[in-house]
Amino acid sequence: MKKFCSRLILAAVSIWMVSVSATLEDAQTLYEQGRNTEALAEVERVLAMRPKDAEARFLKGIIYAESGDSSGAIEVFAGLTQDFPELPEPWNNLAVLFAENGEFDKARESLLAAIQTHPSYSTAHENLGDLYARMAGMAYDRALEQDRGNESARLKLSAVNGLFAAPRIPSSDPQPAATVAAATPPPVQQPTATEPPPQAASSTVPPPAVETEPEVSTPEPAPTPVVAATTTAPAPVSQTPPPAVEDASEDLVAAVRNWAAAWSGQNVDQYLASYSPNFTPSNGASYRAWASYRRERLTKPKVIEVELSDIQVEQIDENTATVSFGQKYRSDNYRDEVTKTLTLNKANGSWRIVAEVSE
């Protein structure tokens with residue numbers, strides 16, 4: 001089990017209060033930057049003012065888990081399941097922590113609770129499948145301990161372990177060895193000027209009637225050397241250079257500036273349209289969870305200003321590029337300044353973001 005939800009989706013929770021302080025915004029940003037100690041301090045400031053704040057508690061549990069404090073994280077998520085039993089994410093994270101501690105029965109019950117509250121929550125379904133597979137593997141292993149000759153258990157254990165084995169990296173040259181060998185034949189041995197060609201060496205002894213004319217027994221030079229020389233030294237074939245990749249720097253800069261303008265204008269639909277459906281959030285959340293989170297973050301502040309500087313474009317190929325720049329963000333309750341790199345792919349004539357990293 002490795003599906004650990006790091007975002008709490010609150011858009012559909014009717015009991016959630018709309019106000020979230022700037023301190024929690026700071027904590028979320030610090031967490032995304034990997035500064036867990038500072039993020040936790042900001043979370044504690046929020047909880048000192050609002051002890052029941054669901055999002056702050058959820059982030060606290062995430063920070064505890066990533067910092068190795070499993071018992072602290074379990075306590076936080078267990079409390080959330082008591083106060084907000086309709087939310088599947090705390091149940092799921094509680095199950096992951098139980099499974100890591102070897103408490104598989106508790107993990108199974110937590111996942112079933114997550115699925116009961118939200119039947120379409122695919123992460124919990126996948127984790128439940130992983131959990132059952134691990135439990136099956138342990139049972140087959142115990143069967144083999146009791147009977148090393150149990151081939152049925154051995155085969156089943158191998159199949160279960162194969163579900164979690166790292167995929168084999170395919171060879172970079174998938175061409176069969178026989179084909180490669182056939183494509184590069186050994187050089188043809190050419191006869192020398194003093195050595196008769198193989199055909200003459202293998203000819204039969206001439207009959208006595210023509211022994212007085214030995215010159216007849218010497219055949220004319222075979223054309224093989226000429227043919228071989230032609231086939232082993234072909235004329236060089238002119239190589240056509242690959243077509244140059246069209247410079248898309250202007251289009252890429254325009255796409256990034258439109259993205260920043262949509263963000264500043266709090267135009268959520270245009271902002272999200274700047275991202276590919278294949279966009280991968282840096283924290284491992286699903287695209288759907290990330291989009292819900294970003295929609296909330298863009299619509300809450302009264303004012304947002306995003307300023308870009310020193311834009312650098314690196315085009316990798318015709319359909320892939322990275323754009324790096326300095327980014328200044330300011331809203332009515334938060335501001336920061338980072339260096340950001342966007343990876344964009346071109347699809348249907350438009351450049352869209354597939355990954356972003358902030359430093």
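General remarks:
- Residue match in the stretch 242-257 (condition: exposed (fewer than 15 other Cβ atoms within 10 Å of the Cβ), at pLDDT below 60, in a loop (DSSP other than H, G, I, E, B) and not hydrophobic (A, V, I, L, M, F, W, C)): yes
- Criterion (among the charged types (D, E, K, R) and crowded, with 17+ Cβ neighbours inside 10 Å) met by exactly one of Lys300, Lys346, Lys328: Lys346
- The test for being among the aliphatic types (A, V, I, L, M), under 28 Å from the mean Cα position of the chain (by Cα) and over 14 Å from Glu89 (Cα atoms) holds for Ala133.
- Scanning the stretch 132-174 for residues being modelled with pLDDT under 70 and either in the same structural domain as Asn101 (by TED's automatic domain parsing) or exposed (fewer than 10 other Cβ atoms within 10 Å of the Cβ) (or both) gives a total of 11.
- Candidate set from the stretch 303-319 (those that are within 23 Å of the chain's Cα centre (by Cα) and exposed (fewer than 15 other Cβ atoms within 10 Å of the Cβ)); member that is farthest from Glu359 (Cα to Cα): Glu318
- Search result, residues across the stretch 70-88 that are at pLDDT below 90 and among the charged types (D, E, K, R): Glu86
- Asn333 touching a residue at least 60 places away in the same chain (Cβ under 8 Å) and not in a strand (DSSP E or B): yes
Residues are listed down the side, and each one gets a yes or a no for (1) outside any loop (DSSP other than H, G, I, E, B); (2) surrounded by fewer than 21 Cβ atoms within 10 Å (Cβ to Cβ):
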position	(1), (2)
Ala65	yes, no
Gly68	no, yes
Glu89	yes, no
Lys106	yes, yes
Leu112	yes, yes
Asp130	yes, yes
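- Residue match in the stretch 255-269 (condition: of a type in the set (S, T, N, Q), out of contact with any strand residue (DSSP E or B) (no Cβ under 6 Å at 6 or more places or on another chain) and not assigned by TED's automatic domain parsing to the domain that holds Asp26): yes
The values are calculated or read from the model by the stated rules, or taken from the named source; none is laboratory data. Please read these numbers as outputs of a predicted model, since none were measured by experiment. Neighbour counts are summed over all protein chains in view; Cβ atoms, including those assigned to glycine, are modelled from backbone coordinates with ideal geometry.
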